[in-house]
Amino acid sequence: MFRKRLLLAGIVNVRNIILNTLQPKGINILRRTLTDKQNISKESLTYSEKIQDKGKEPTEPLWTTFADSVVKLRIDHSCSQIPITVHQMFKETVDKYGPLNAMASKKNEEWEKITFAEYYNLSLKAAKSFLKLGLERFHSVAILGFNSPEWFISAVGAIFAGGIVTGIYTTSSPEACHYIAYDCKANIIVVENQKQLDKIMQIWSHLPCLKAVVLYNDSLPERHPNIYTMQEFMELGNEIPDATLNDIISSQKPNQCCVLVYTSGTTGKPKGAMLSQDNITWTAAHASRAGDMQPAEIQQEIIVSYLPLSHIAAQIYDLWTGIKWGEQVYFAEPDALKGSLVNTLKEAQPTSHMGVPRVWEKIMEKLKDMCAQSGFMKKKMLSWAMSISLERNLSCSGSDLKPFRTRLADYLVLAKIRSALGFSHCQKHFSGAAPLTTETLDFFLSLNIPLYQAYGMSETTGPHCMSGPYVYRRCSCGKAVPGCKVKLVNEDADGIGEICFWGRTVFMGYLNMEDKTKEAIDDDGWLHSGDLGRLDKDGFLYVTGRIKELIITAGGENVPPIPIEDEVKKELPIVSNAMLIGDQKKFLSILLTLKSTLDPDTSDPTDNLTEQAREFCQKIGSKATTVSEIVATRDQAVYQAIQEGIDRVNMKSTASVQHIQKWTVLERDFSISGGEFGPTMKLKRPAVLEKYKDEINSFYKE
């Protein structure tokens, strides 16, 4: 279906695109700004006039818990883009970038590409088909599947049709799918394959709003009423008049809900964060530019889509920013995180790439394993090149005091590693969703790959603070995006306080959860993150932990766990994950897991130690090759090395209350399937406490 090239809806002014490409960067930005303002439709100008008329502001509230309500936008005149809808943003893109390739997906080992003009027309067709199936205004189209053109087209089509797009993680159980589909009043669910369809079939009878299901990869083995293949679905709306859809599109407002992002539920029941059209269009424009993402008239960015689109980080980076600036998105294979991602990266040659910390850590561990298996000379060369690169990148001035040596190291060694990873043309490498460890940051710096951290939440439409090539400090997640604000409340003596947000990124509220919304947004309209951090004198933000993760010992002392956990992993290269225990306890203890290889089919941790872990064992005199050997026999050499590492961590601590007194090694590494990680690889601390309560209780027996 998506192989066919559709006729363009109108004539695209190719001449302007060519002229823009030839103009200097400053002229291009000025021209784009003027063009954007000229293309704003009457509805948005009406909204803008409402804001500016005689200095009056709209009387709408700053938050709501109803999907069909409107909110007041947090307009900051230092960065006052006129509010626009998703359709207006896309229409501007088609006018500017219509003939450019928007998406590439692999079919029968060949890359099939779709232009922005085709993408837009397919989204209109999908919107009509959703209407034909009975999509009601402000009800949801839920999408349950891996990243694909069909995911994008369904999402955009749902919004065009007046609905709300809601992603569901592919790893969700039928019960979890039911919770979200019921809560968001899903009229239609789009699923990837038979496996996901089976989940919906189990719960359909308990979803009173569900009218149809669309299957976009597998064929139907047998016919079911109200279940359609994607090909069938795309033809359903052919009889819907253009005027019907146009009326719905023109009635949409920037301050209405169009996206629901459900929190992963690491601290309780998932919450549906409602994002407005302005949240999406403003963030896509301004957060991406803060990270130095370029509009296509200057350079068409190429990215690879592989992280879950039900998470706001991937959705804003892959889908909405891709539309705004005319990026070309390559879709990875569904087994991307099982090893195939690097193949896609090599073929796509992205100019920008984003990963969550665990993805970057896995790349680091893989490279270390490969290095451990290399010969003596290769190891020496790599060590030499990486040390030179790290020294240069850590120098405060940033000047290259020994240009020949550093260039030689990069040419002979580091450039080849980047090429092997698919990063030959990659200019920007981003990390989000959780803080990076210093070890990971420095490892990639030693490869001449600075990792730019972004910081935000589902409730801030993704990135509220950004690092980039021109806004970078090691270990910082950058500065607030221009037009946004950050402040700290309840600061302690070290200047650490709760991080609070203000700006056009801030969400509308939690669907049907007034109490939770009031907890998150204070009386002055500031969003409280629940994260702890500090600001330096130049406005760079450093995230230090979460309030709810803060351990308060039985003696009342506050202990942030993440710095201690990171220090343990730094001292002990054999340790994969560490979780500090001690809330309301007399002393601290810690759960440890060891680095093990992953099952290539399931990505679950196996019993076999990684090459790096085996090398660690050999150095300390252990012959162990599996986790079970070490745990079952309490391998003397390994356990002694772990205790010595813990002792070194304790010596570095500022107070005895931060000393780790007891520890244990678990039989299996943490994983999504094991329940210790959420879908974005965030540690689910409450789940770990429950799962390993026997081991934890043994620490504190009298």
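The values are calculated or read from the model by the stated rules, or taken from the named source; none is laboratory data. If you're wondering where the values come from, they're calculated on a predicted model, not measured in any experiment. Using ideal geometry, Cβ is built from the backbone for each residue, glycine included, and neighbour counts are taken over all protein chains shown.
In table form, for the structure just shown:
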{"item": "Pairs with Cβ under 6 Å, 6+ apart, first in the range 96-113 and within 20 Å of Q349 (Cβ to Cβ), second of a type outside the set (A, V, I, L, M, F, W, C) and in a helix (DSSP H, G or I)", "result": "A102/Y119; M103/P149; S105/P149"}
{"item": "Given (1) under 25 Å from P308 (Cβ atoms); (2) in a strand (DSSP E or B), index of the condition T664 fails", "result": "(1)"}
{"item": "Selection status of T680, under 23 Å from K362 (Cα atoms), of a type in the set (S, T, N, Q) and not in a helix (DSSP H, G or I)", "result": "yes"}
{"item": "Residue identified as under 28 Å from the mean Cα position of the chain (by Cα) and surrounded by fewer than 21 Cβ atoms within 10 Å (Cβ to Cβ) among K623, K595, K570", "result": "K570"}
{"item": "So A433, is it over 13 Å from the mean Cα position of the chain (by Cα) and under 30 Å from L73 (Cβ atoms)", "result": "no"}
{"item": "Filtered residue count, the range 550-569, keeping only those that are within 23 Å of E615 (Cβ to Cβ) and either small (G, A, S) or at pLDDT below 90 (or both)", "result": "1"}
{"item": "Lone unmet requirement of (1) more than 30 Å from the chain's Cα centre (by Cα); (2) surrounded by 13 or more Cβ atoms within 10 Å (Cβ to Cβ); (3) not hydrophobic (A, V, I, L, M, F, W, C) for E239", "result": "(2)"}
{"item": "Residues of the range 105-143 classified as out of contact with any Asp or Glu (no Cβ under 7 Å at 6 or more places or on another chain), farther than 28 Å from A243 by Cα and at pLDDT 95 or above, total", "result": "3"}
{"item": "Counted residues, the range 574-604 - those being farther than 15 Å from I672 by Cα, among the β-branched types (V, I, T) and assigned to a loop (DSSP other than H, G, I, E, B)", "result": "1"}
{"item": "Residue ID - nearest to Q373 (Cα to Cα), chosen from residues in the range 608-651 that are of a type in the set (D, E, K, R) and in a helix (DSSP H, G or I)", "result": "E611"}
{"item": "Selection from the range 327-345 of residues that are of a type in the set (D, E) and either under 15 Å from the mean Cα position of the chain (by Cα) or more than 18 Å from E192 (Cα to Cα) (or both)", "result": "E327"}
{"item": "Counted residues, the range 294-328 - those being hydrophobic (A, V, I, L, M, F, W, C), part of a loop (DSSP other than H, G, I, E, B) and buried (at least 24 other Cβ atoms within 10 Å of the Cβ)", "result": "2"}
{"item": "Condition met for Y216 (within 17 Å of K125 (Cβ to Cβ) and either of a type in the set (A, V, I, L, M, F, W, C) or in contact with a strand residue (DSSP E or B) (Cβ under 6 Å, 6 or more places away or on another chain) (or both))", "result": "no"}
{"item": "Selection from the range 95-116 of residues that are in a strand (DSSP E or B) and either under 14 Å from Q328 (Cα atoms) or within 24 Å of the chain's Cα centre (by Cα) (or both)", "result": "N101, A102, M103, A104, S105, K106, W111, E112, K113, I114, T115"}
{"item": "Whichever residue in the range 166-184 is of a type in the set (S, T, Y) and surrounded by fewer than 17 Cβ atoms within 10 Å (Cβ to Cβ) and, among such residues, is farthest from I153 (Cα to Cα)", "result": "S173"}
{"item": "Residue count for the range 376-396, restricted to those that are modelled with pLDDT under 85 and not hydroxyl-bearing (S, T, Y)", "result": "1"}
{"item": "Out of G326, G322, sole residue that is in contact with a Leu (Cβ under 6 Å, 6 or more places away or on another chain) and of a type in the set (G, A, S)", "result": "G326"}
{"item": "Matching residues in the range 65-90 - criterion: being in a helix (DSSP H, G or I), farther than 21 Å from N246 by Cα and either of a type in the set (D, E) or touching a residue at least 60 places away in the same chain (Cβ under 8 Å) (or both)", "result": "S78, C79"}
{"item": "Sole residue being polar (S, T, N, Q) and crowded, with 24+ Cβ neighbours inside 10 Å, chosen from S129, S148", "result": "S129"}
{"item": "Exclusive hit being at negative phi and within 18 Å of the chain's Cα centre (by Cα), set T281, T244", "result": "T281"}
{"item": "Residue tally, condition closer than 10 Å to E571 by Cβ, touching a residue at least 60 places away in the same chain (Cβ under 8 Å) and not small (G, A, S), over the range 634-670", "result": "5"}
{"item": "Helices (runs of 4 or more DSSP H) contained in the range 346-420 and holding at least 1 residues aromatic (F, W, Y) and without any contact (Cβ under 8 Å) to a residue 12 or more places away in the chain", "result": "376-394, 403-409"}
{"item": "Qualifying position, being on the phi > 0 side of the Ramachandran plot and crowded, with 16+ Cβ neighbours inside 10 Å, among G539, G545, G533, G556", "result": "G545"}
{"item": "Boolean, A290 is crowded, with 20+ Cβ neighbours inside 10 Å, more than 27 Å from L124 (Cβ to Cβ) and of a type in the set (G, A, S)", "result": "yes"}
{"item": "Hey, A687 modelled with pLDDT of 90 or more, among the small types (G, A, S) and buried (at least 17 other Cβ atoms within 10 Å of the Cβ) or not", "result": "no"}
{"item": "Residue count for the range 477-526, restricted to those that are under 18 Å from A284 (Cβ atoms), in contact (Cβ under 8 Å) with a residue 60 or more places away in the chain and in contact with a strand residue (DSSP E or B) (Cβ under 8 Å, 6 or more places away or on another chain)", "result": "9"}
{"item": "Count - residues of the range 683-702 that are of a type in the set (K, R), more than 20 Å from the chain's Cα centre (by Cα) and assigned to a loop (DSSP other than H, G, I, E, B)", "result": "1"}
